[in-house]
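Taken together, the values in this text are just the output of simple stated rules run on the coordinates, not laboratory data. Since the model is a prediction, treat every value here as computed from it, not as a measurement. Virtual Cβ from ideal backbone geometry, glycine too; neighbours counted across all protein chains shown.
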2 protein chains.
Amino acid sequence: MIEKRKPLAVKEAINQILKFSIKGTSEYVSLQDSDGRYLAEDLIADHHVPPFDRSPYDGFAIRSVDTTEASSENPVEFEVIDEIGAGAVSNFTLRKNQAIRIMTGAQIPSGCDAIVMLELTKVYKKNEKMFMSIKRRFSSGDNISFKGEDTKKGTILVKKGTYITPGIIALLATFGYSKVAVGKKPKIGIIATGSELLEIDEPLVPGKIRNSNSYMIESQVKRCGAEPVFFGKLVDDLNTCYEAVKQALEEVDFLITTGGVSVGDYDYLPEIYQLLGANVLFNKVAMRPGSVTTVAEYNGKLLFGLSGNPSACYVGFELFVRPIVRTFLHSNYPHLQKTKAVLGKDFLKPNPFTRFVRGRMSFSDGTLIATPVGLDKSNVVTSLADANIFIVLPGGTRGYQAGDLVEILMIEDQIGSDIPWAESFK
Amino acid sequence: MIEKRKPLAVKEAINQILKFSIKGTSEYVSLQDSDGRYLAEDLIADHHVPPFDRSPYDGFAIRSVDTTEASSENPVEFEVIDEIGAGAVSNFTLRKNQAIRIMTGAQIPSGCDAIVMLELTKVYKKNEKMFMSIKRRFSSGDNISFKGEDTKKGTILVKKGTYITPGIIALLATFGYSKVAVGKKPKIGIIATGSELLEIDEPLVPGKIRNSNSYMIESQVKRCGAEPVFFGKLVDDLNTCYEAVKQALEEVDFLITTGGVSVGDYDYLPEIYQLLGANVLFNKVAMRPGSVTTVAEYNGKLLFGLSGNPSACYVGFELFVRPIVRTFLHSNYPHLQKTKAVLGKDFLKPNPFTRFVRGRMSFSDGTLIATPVGLDKSNVVTSLADANIFIVLPGGTRGYQAGDLVEILMIEDQIGSDIPWAESFK
């Protein structure tokens, strides 16, 4: 039974999916376990920065008024009455021509209104007492970092939904987040179907190939911030597949099947969707590769039927699954980052459909270059290994030449975009 | 006691460190646990790709010789004698005007030398038998993917030292790597020193700040592929610090201390190095921030004394620790990727030293833009959170204007470079 399918434009397909996109719940993890996760709450300053008036330099705390007469001809002498390291607080209040030795980050002592850097002073002992002298004037406030001048208490520093990097970890620590609210990872079920599939540790036999897609998808799931749950590799049998899909759906937030969605006779997915009573959003997309991608919705859960072809499967995941995962994680930038680049190599193959050509990004004197990988047969095998972008070539009959400006999608990027990139595509 | 220090050029500092750079051992992990690690062996094709002659389309396997007379006026009829799905092998050998229904990926049956795509045929039944007809000629070899045409068995597909992405996972699965040899993660000890440091869950008290650097470094350590081991936060006491450093060195491959390397009086690191008998490679670098970075070597192990200032600590890690980690992991690209970008904002501050300005990368019509973050006071706090590049401004008196072409280092990049970027800097 050969089913006729009506291809949907990429933009429409993504919009269909986004309608069922939901935000997940959050959970608390320790600060150390929060990197690589997505903030589920705004990061707010719990105190002023700096939290107190402090010294940005190693030097001496003085009263600026005592330097009024200072010049290179007339060094002014100060008695050093105390010294304070970072973390310590002086009990002294500065009086006329007194100084306190102060380290970087230490709190400005009482009476002080200027810091003199160590290298601008001359330090010496006299009668067992410590002195220093200065040869220039200082004004009130010189070299003091004032409480709250960098950030006021209560300021939102990083927005909810942001990917947590080492720099954000530093902020979380500074503001006392020993536990961090992060988006709970969605569980994504993976089922590989196809009687031709061998386990990875099985020797090859005629007609069969090893299952690679489910491992690749697991890795893509992790890369985009979700948790993979592998339900195994199934033979092409309607009942087996139906039971597996039904069971898996109860345990996960989204389900991915790979294989079994070709136009061939052994495609049981349409029947499975029918048996489930799932709502098929589309079963063909006007794009290459990945045209046979099918997406259905069942009780609010999305079922992604990705192609059994590795490249089509890879592209289908990044275009259709990733924005759903990032939305679930409260990301404000769930979409792939789209930008322009200069094509690094001819791509002369004309094509009526929008193409997602696997490519590699490089830079040359400030210009972004996008070079297709896998154009020749020998590179097809490694093209997924080399790719870090998709070059998006809109449908049309002409080919593209090196030097043309083309659109690219960045797939190894954690930043993403708040703009649905596909809006500008057919 | 104020120690005089002679600043080393950045290039020299990195070269000093690289002399003590070593490659780590490898370990086997399951394919599912290998992503985000670094290959410790070349990835080699264990079979031809395709592994057998196969059909790239759904259609019919035929003998091209039988289509010699076919035309739109003269459709040629074939009897369909068998059908083979992916993974199955037909027992039939094609004879005159026989065809076998074949699915994408299935092995070409005996006698067949061409595949006709399904959509070019007309399929019908006659006397309970299945037939199809074709209206054009086919040549021998048409639509057949021949064994080994993509990749020959034994080809090195991905080099040792490469970061494992989902695309590489797909290759590893295809070629039967159920266990993958990856670089063993170096253990990097972290010690935070400074009497001013509070725990992250402690309330602020006068003069003190929360320890943020050790958490930030832990996250940087993980990002660059190593395993952090935190040995705690120590007060500024020589004996405590010495014992902690000595103990930690026995348990790790590299040790990072943060804080305690300022030019202030409370810097015990020089004494600790002396007590250990460590070989101090340098204790000052001609750069901003991070000038007080100290690196020593003890029994072949590197000790990194990073600044207590968060920005200087962050920069010091990426410049000096990261290449050592990546080399340990057998990466062929251990260095930060350097490229040129257009400065997105004025940076008018003149500076005699090479500056590493925290910046953010963006794109505009194929041009790479580098915008400094944290130029104004209020952004200083969040500059580490926003930064994904360092803008490298060589020492000199002039400032830089928006539109100037500048060098940048990419710090969130997993690709890296085989060229030591600092070679071109003072």
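Peptide B:211-222 shows a mean partner chain C-beta count of 6 within 10 Å per residue C-beta.
Past the 17 angstrom mark, what percentage of all C-alpha to C-alpha distances in the range B:337-410 do you count? Here the tail beyond 17 Å accounts for 38 percent of pairs. Each principal axis of the Cα atoms in chain A has its own extent, and those three values, largest first, are 104, 49, 42 angstrom. The alpha carbons of the range B:252-355 occupy a box of 48, 39, 19 Å along the principal axes, longest dimension given first.
Each of B:Ser331, B:Ser64 was scored by other Cβ atoms within 10 Å of its Cβ. Listed from fewest to most, they are B:Ser64, B:Ser331.
To the nearest 500 deg cm²/dmol, what mean residue ellipticity at 222 nm is calculated for chain B from DSSP H runs of n ≥ 4 alone, each contributing -39,500 (n - 2.57), summed and divided by the residues?
-4500 deg cm²/dmol
Max-minus-min Cα coordinates of the range B:1-151 on each principal axis give 105, 32, 21 Å, with the largest extent listed first. Pairs from the list B:Lys96/B:Lys126; B:Lys152/B:Lys179; A:Lys6/A:Lys222; A:Lys19/B:Lys122 with a Cα-Cα gap above 30 Å: A:Lys6/A:Lys222; A:Lys19/B:Lys122.
The C-alpha atoms of chain B define a longest principal axis, and helix B:213-223 lies at about 20 degrees to it. The mean number of partner chain beta-carbon atoms within 10 angstrom of a residue's beta-carbon across peptide B:404-415 is 2.
Treating each Cα of the protein assembly as shown as an identical point scatterer and summing with the Debye formula, the log10 of I(q)/I(0) at q = 0.07 Å⁻¹ comes to -0.62. When chain B is described by a simple charge dipole with +1 on each Lys and Arg Cβ and -1 on each Asp and Glu Cβ, the residue from B:Cys112, B:Tyr400, B:Ala181 located farthest towards its positive end is B:Tyr400. Full extension of the chain between B:Asp201 and B:Asn127 gives 18.3 nm of extra length, using 0.36 nm per residue less the Cα-Cα distance.
What is the mean number of Cβ atoms from other protein chains located within 10 Å of the Cβ atom of each residue in peptide A:194-201, rounded to a whole number? If you can, show how the numbers build up before the last one.
Numbers: counts 5, 4, 10, 2, 2, 3, 10, 5.
Neighbouring Cβ atoms belonging to other protein chains average 5 per residue here.
Relative to the Cα centre, the charge distribution of the range B:337-410, modelled as +1 at Lys and Arg Cβ and -1 at Asp and Glu Cβ, gives a dipole magnitude of about 200 debye. Around the Cα centre of the protein assembly as shown, unit charges on the Cβ atoms of Lys, Arg, Asp and Glu (plus for the first two, minus for the last two) sum to a dipole of about 1480 debye.
Averaging 1/r over each pair of different alpha-carbon atoms in the range B:59-134 and inverting the result gives 12.3 Å, the Kirkwood hydrodynamic radius. Seen against the Cα atoms of chain B and their longest principal axis, helix B:238-251 is set at about 20 degrees.
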